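The values are calculated or read from the model by the stated rules, or taken from the named source; none is laboratory data. The model shown is predicted, which means the values in this text are computed figures rather than measured ones. Here the Cβ is made from the backbone with ideal geometry for all residues, glycine too, and neighbour counts use every protein chain on show.
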Amino acid sequence: MLYALGKSLGSEEGFAEVKACLTSPLAKFVAWGLLSSLLYHLVAGVRHLIMDMGIGETLEGGRLGSKIIIAVSVVLIVLAGVWIW
């Protein structure tokens with residue numbers, strides 16, 4: 001993705017090549033996969049910040065937090081898929 005960014009910023013021809021490449025289903029799937037992993041990481045990071053404040057540090061709170069993280073991540077990943085496709 002960094003290579004594509006550099007190429008697209010280099011010239012108009014490079015931008016056209018990257019745009020044509022990113023319209024393929026495989027490229028969209030790869031972009032969706034990368035975005036999905038980043039979204040999960042973001043949501044889990046927010047959970048850890050909340051736990052640093054002393055909320056959800058018990059075993060029961062940890063289990064509930066994990067379920068919430070999975071649910072929120074699934075919703076965000078589906079929304080990202082709709083946005084990309």
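Are any of the residues in region 26-34 surrounded by 13 or more Cβ atoms within 10 Å (Cβ to Cβ), of a type in the set (Val, Ile, Thr) and at pLDDT 95 or above?
No; the residues of region 26-34 include none that is surrounded by 13 or more Cβ atoms within 10 Å (Cβ to Cβ), of a type in the set (Val, Ile, Thr) and at pLDDT 95 or above.
Just one of 69, 77 is of a type outside the set (Lys, Arg), surrounded by 13 or more Cβ atoms within 10 Å (Cβ to Cβ), in contact with a Ser or Thr (Cβ under 8 Å, 6 or more places away or on another chain) and modelled with pLDDT of 95 or more; which is it?
77
Evaluate region 50-72: report whether one residue or more is in contact (Cβ under 8 Å) with a residue 24 or more places away in the chain and not in a helix (DSSP H, G or I).
no
Quickly run through region 51-66 and pick out the residues that are exposed (fewer than 14 other Cβ atoms within 10 Å of the Cβ) and hydrophobic (A, V, I, L, M, F, W, C).
The answer is 53, 55, 59, 64.
Residues to consider are 37, 11, 24; find the one that is of a type in the set (S, T, N, Q) and under 16 Å from residue 77 (Cα atoms).
37
What pairs can you find where one residue is in region 5-19 and under 18 Å from residue 31 (Cα atoms) and without any contact (Cβ under 8 Å) to a residue 24 or more places away in the chain, the other is among the β-branched types (Val, Ile, Thr) and in a helix (DSSP H, G or I), and their Cβ atoms are less than 6 Å apart, with a gap of 6+ or different chains?
7/18; 8/18
If you go through region 1-37, how many residues are in contact with a helix residue (DSSP H, G or I) (Cβ under 9 Å, 6 or more places away or on another chain), of a type in the set (A, V, I, L, M, F, W, C), assigned to a helix (DSSP H, G or I) and within 30 Å of residue 70 (Cα to Cα)?
Counting residues in region 1-37 that are in contact with a helix residue (DSSP H, G or I) (Cβ under 9 Å, 6 or more places away or on another chain), of a type in the set (A, V, I, L, M, F, W, C), assigned to a helix (DSSP H, G or I) and within 30 Å of residue 70 (Cα to Cα) gives 5.
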